[in-house]
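Below: one structure, written as structure tokens.
The values are calculated or read from the model by the stated rules, or taken from the named source; none is laboratory data. Quantities reported herein were computed from a predicted structural model and do not represent experimental measurements. As a convention, Cβ positions derive from the backbone with ideal geometry for all residues, glycine included, and neighbour counts pool all protein chains shown.
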Amino acid sequence: MATGAYGAGCSRLIDVRYIYRERISGATSGSEPGAGCHTGAVGDVAQQTGEVEGVAQDLARASLALARRFSAGATMWCASPTWPFHAHHVAVEFVHPVIVGKRALPAVTVPPAADMVATLRASVVPGDIVVVLADADDPRVVDAMRRGPAWGVETVWIGAGARRPEPGAANHVIWLGTERPLEASELFVRIYHLLWELTHVCFEHPGLLKPEPECGSTGDVGSVCVTCSDEGRPAEVVSVDGDEAVVRTPDGQEQIDVSLIDPPAPGDLVLIHAGFAITASAPMVG
Amino acid sequence: MPETTDFLYPFIEGDETDSGTLLEDLARSAEGKWAQSSALREATLTRCQAQLQATAAAMAERFRAGGRLFTFGNGGSATDAEAVAHLYTQPPSGRPLAARSLAEDQAVMTALGNDVGFDLVFSRQLIAHGRAHDIAMGFSTSGNSENLMRAFAEARKQGMLTVGLSGYDGGRMAAEGTPVELCLVASSDSVHRIQESQAALNHALWAGVQEALTSPG
């Protein structure tokens, strides 16, 4: 299109009044004079819908989870391969609070040029938090997030677009429906500001920040939880030696038998049960 | 730290166990802040409309003459500077434009911070890079950062166009005698809400520059 995203002959730069009339009335582009000004990027800036419904609930749950993890000593790892400035912004919010007197929290940006999975694999410890800002189909992010259960980390995936991450791809998915990149970018800033603000509200509720009850701590003698019984546990293969392999789980490294599955390679994800790898499928967050 | 609102939270001492109420409060709080952010965004874009037009036209003129955009800021504003440079060089549509964040190179930042002091980390880079047709764009929520004021002064000395994004009442960046020729202010006393509206200003300004560059003359 020769005129690009900006309608030819459009005399108004950004007619905010028109834009808000359009938003309030719900009129579609093209139904009023000057509609040509609202295509493409200019329209992107102007026609912000910014639905908060649903996002507010997801933000609330993610914030409480973050506060619990931070209280237990977590470090938060922030990554955004496509928009490194967003990852930097999230990290600086938590490390250097804008409100004097709020706790400085350990948050780190995964260097944008680094191999995200390799960096996280080497850095995270069970109980940590991984926050990513990325599209649903970013292969680097998909690969990192699916390892969350084996690494024992809490995962938060913030993004936008019609396509969402697969169900269970992260512990918390905070997603905007907009397909407009600039609107999404603006609203990401709101989302991580709110994530910080709400996390600090949670710190005022110490009773709710205690760790979730562990298996066996309920005193219900005789009952066995599913985690310890029939279900496979997610693990990441560290090294392989014939039918033996060393795997990484949230509980540490374990020696397992891999004779029941096709020979795995280091980095592969497996489900383990009673000392055996029972399947090579990629586990998702439960 | 004693909280004067403790009486509102009967379980504040640590024996609270039901997270349902807190989650509801958090979601309501998120909705309220979201609405505040939207209202400030609308008010800011409306109030700054004429200024945005003028700034976009002045920037387009510089770009037409071969000028480049240098962005800078501290902390979260440094990430805004990075985001703006990213937007101008790798736009979702329209024409890519030369832009660079002065806060991004840690070798340069630490060298200058260590050797000449943090107040000069941006101005010294403009001494090295700046040309008369270029644009200096600084981001601050207070409008008072010394290293920004030094950079703007250096930029003016070189004949660069100086553009500032500020918050609160604009601070030094918007005060009399400021070296900032065009200062856009998101008037709020919340750093977060200011940055959110500055993001909208950045996008509106970028769209205005793109539009000005496609229109004749």
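Brief remarks on what is shown
- Scan segment B:17-48 for residues that are over 19 Å from residue B:207 (Cα atoms), among the charged types (D, E, K, R) and buried (at least 19 other Cβ atoms within 10 Å of the Cβ) and the total you get is 1.
- Across segment A:61-76, the qualifying residues are those that are within 11 Å of chain B (Cβ to nearest Cβ) and either over 26 Å from residue A:118 (Cβ atoms) or modelled with pLDDT under 95 (or both), and the one among them that is surrounded by the most Cβ atoms within 10 Å (Cβ to Cβ) is A:63.
- Filter result (part of a helix (DSSP H, G or I) and either modelled with pLDDT under 95 or among the β-branched types (Val, Ile, Thr) (or both)) within segment B:70-86: B:79, B:84
- Residue in segment B:50-69 that is surrounded by fewer than 24 Cβ atoms within 10 Å (Cβ to Cβ), of a type in the set (D, E, K, R), assigned to a loop (DSSP other than H, G, I, E, B) and away from chain A (no Cβ under 11 Å) present: yes
- Qualifying residues in segment B:127-146 (those that are in contact with an Asp or Glu (Cβ under 8 Å, 6 or more places away or on another chain) and surrounded by fewer than 24 Cβ atoms within 10 Å (Cβ to Cβ)) - the one nearest to residue B:78 (Cα to Cα): B:146
- Members of segment A:236-284 that are polar (S, T, N, Q), outside any strand (DSSP E or B) and over 27 Å from residue A:167 (Cα atoms): A:259
- Scanning segment B:70-86 for residues that are under 14 Å from residue B:163 (Cβ atoms) and at the interface with chain A (Cβ under 10 Å from one of its Cβ atoms) turns up B:77, B:80, B:81, B:84, B:85.
- Boolean, residue B:180 is over 21 Å from residue B:85 (Cβ atoms), within 14 Å of the chain's Cα centre (by Cα) and buried (at least 24 other Cβ atoms within 10 Å of the Cβ): no
- Restricting the search to strands (runs of 3 or more DSSP E) fully inside segment A:77-192 and requiring at least 1 residues that are among the small types (Gly, Ala, Ser), touching a helix residue (DSSP H, G or I) at 6+ places or on another chain (Cβ under 7 Å) and crowded, with 18+ Cβ neighbours inside 10 Å gives A:107-109, A:154-160.
- Failed criterion for residue A:123 (all others in (1) within 30 Å of residue B:93 (Cα to Cα); (2) out of contact with any strand residue (DSSP E or B) (no Cβ under 6 Å at 6 or more places or on another chain); (3) hydroxyl-bearing (Ser, Thr, Tyr) hold): (1)
- When we screen A:128, A:137 for residues that are more than 18 Å from residue A:185 (Cα to Cα), away from chain B (no Cβ under 14 Å) and among the acidic types (Asp, Glu), the only hit is A:128.
- Meets criteria (small (Gly, Ala, Ser), touching a helix residue (DSSP H, G or I) at 6+ places or on another chain (Cβ under 8 Å), farther than 17 Å from residue A:200 by Cα and at pLDDT 95 or above) for residue B:56: yes
- Single match in A:141, A:153, A:130 (criterion: closer than 27 Å to residue B:104 by Cβ, touching a Gly at 6+ places or on another chain (Cβ under 8 Å) and β-branched (Val, Ile, Thr)): A:130
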